[in-house]
Amino acid sequence: MDSNWQLFLDSLWPLTQAAITASIPLAVISFAIGLAVALLMALMRISGSKVLSSVARVYISIIRGTPLLVQLFVIFYGMPSIGLTIDPWPSAIIVFSLNTGGYCAEILRAAILSVPAGQWEAGYTVGMSRTRTLYRIILPQAARVAVPPLSNSFISLVKDTSLASIILVGEMFRKAQEITAVTFEFMLLYCTAAGIYWVICLLLSALQNSLEGRLEKHVAK
């Protein structure tokens, strides 16, 4: 029992450090890029162009219709067969970003469409172009609607970064696997990793609730 407790204490910081230096940065970078992709896809979907809309639909369908694990394998293990080798970290960022873009595109599209049509007309009335109206009037209002589901997507992404261990990215779960390879204490180490993920998600949920509360107060005014 004492040896298990000591192993828990000895492994707690290495796992936490891996979460801080790898898992969370991987999620943040991928989510930021993914949001840009999602916004582009959402705008293509509502652009009125059949070609652009079709391209966005196909992209979203592929991303949402295939498992994230398979996407990781295709990029990291599949690409070398066609002469394109990508390192673990860039591979993970590419896959997580594209995956986030596919799922968040529909969130942003729904949020943009939720803004009353009169807001577009208001922008045109004061001489704004469609693009300027979109970025100055529509998107700020859509952001209030999109924040809760986007926050949930980010929390899910933080947990999904554990899949990056499959392609040799040194994130927290990979560190847990490395320690278990030496100690063979699978239950202890994996439960410790699960606990750290849980704490991170609790903190992110608290930040999400705080942000939503501020937005609600802003709307109430």
From the option list A193, A146, single residue qualifying as among the aliphatic types (A, V, I, L, M), touching a Phe, Trp or Tyr at 6+ places or on another chain (Cβ under 6 Å) and either buried (at least 16 other Cβ atoms within 10 Å of the Cβ) or at pLDDT 85 or above (or both) is A193
Flagged in region 76-121 as without any contact (Cβ under 8 Å) to a residue 24 or more places away in the chain and either part of a helix (DSSP H, G or I) or closer than 19 Å to S53 by Cβ (or both), in numbering order, are G78, M79, P80, S81, I82, P90, I94, A117, G118, Q119, W120, E121
Determine if region 34-48 includes at least one residue that is surrounded by 13 or more Cβ atoms within 10 Å (Cβ to Cβ), outside any helix (DSSP H, G or I) and either touching a Lys or Arg at 6+ places or on another chain (Cβ under 8 Å) or modelled with pLDDT under 95 (or both). yes
In region 161-194, anything without any contact (Cβ under 8 Å) to a residue 60 or more places away in the chain and in a loop (DSSP other than H, G, I, E, B) is listed as F184
Among residues of region 41-70 being of a type in the set (K, R) and within 22 Å of the chain's Cα centre (by Cα), the residue farthest from L163 (Cα to Cα) is R45
Within region 89-120, the residues that are over 27 Å from P148 (Cα atoms) and surrounded by fewer than 18 Cβ atoms within 10 Å (Cβ to Cβ) are P90
Within region 22-47, residues of a type in the set (S, T, Y) and under 12 Å from F96 (Cβ atoms) come out as S23, S30
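The values are calculated or read from the model by the stated rules, or taken from the named source; none is laboratory data. Because the structure is a prediction, the values reported are computed rather than measured. Reconstructed Cβ throughout: ideal geometry from the backbone, glycine too, with neighbour counts over all protein chains shown.
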